[in-house]
């Protein structure tokens, strides 16, 4: 098996797609990329829910373009180092969740579980959707499912 091509981090799309370089981690780049998204979440979470939601929506839409551009430049669909989708997926998972260490950790873990295990429909989307949309959509859905689990736990009074 040949080595995967390295991104040109001087190219803004590839730099962003590779999570500001976090996707270059030699092991578990998706997990490292998700961790790299946390400081940005910390800043975003200080905003109103409307502003937070707008940032996440914009990041998802721009993500389709940057992931598509990066994958085409590298000639590899969903290069494992492309982690912008993990950034957005985590931000979706943590939408309207208390900004507290326990909930942030739970969001991180539940999102990674869905992203790695890829239950339906995540796995189906991962196998069938293509291009930048295909790279982004499975993590967007994983984030949505994780968010749903967290809000269900909140509604049930977990952690209170």
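Quick note: the coordinates plus some simple rules give every number you see, no bench work behind them. Please read all numbers here as calculations on a predicted model, not as lab measurements. In this analysis, Cβ positions are derived from the backbone assuming ideal geometry, glycine residues included, and neighbour counts consider all displayed protein chains.
Relative to the first principal axis of the alpha-carbon coordinates of the chain, what is the inclination of helix 101-117, with its axis defined by its Cα atoms, in degrees from 0 to 90 and to the nearest 10?
Compared with the principal axis, the helix lies near 50 degrees.
What whole number of Å gives the distance from the Cα centroid of segment 1-53 to the Cα centroid of segment 110-160?
Rounded to whole Å, the Cα centres lie 17 Å apart.
Compute log10 of I(q)/I(0) for segment 12-155 with the Debye formula, placing one identical point scatterer on every Cα and leaving out solvent, at q = 0.13, 0.15, 0.17 Å⁻¹, to two decimals.
-0.49, -0.66, -0.86
Contact order normalised by length for the chain, with contacts defined as Cα pairs under 8 Å and 6 or more residues apart; what percent is it?
Across the chain, relative contact order equals 26 percent.
On a 0 to 90° scale, report how tilted helix 131-155 is relative to the longest principal axis of the chain, with both axes built from alpha carbons and the result rounded to the nearest 10.
That helix lies at roughly 10 degrees to the long axis.
If we count other beta carbons within 10 Å of each Cβ, what is the order of 34, 46, fewest first?
46, 34
Mind ordering 143-156, 73-86 by average Cβ neighbours within 10 Å, highest first?
Highest to lowest by the protection proxy: 73-86, 143-156.
Any idea what angle helix 84-93 forms with the longest principal axis of the chain, computed on alpha-carbon atoms, 0 to 90 degrees, nearest 10?
10
What 222 nm value per residue comes from the helices of the chain, counting each DSSP H run with n ≥ 4 as -39,500 (n - 2.57) and dividing by all residues, nearest 500 deg cm²/dmol?
Value at 222 nm, helices only, nearest 500: -22000 deg cm²/dmol.
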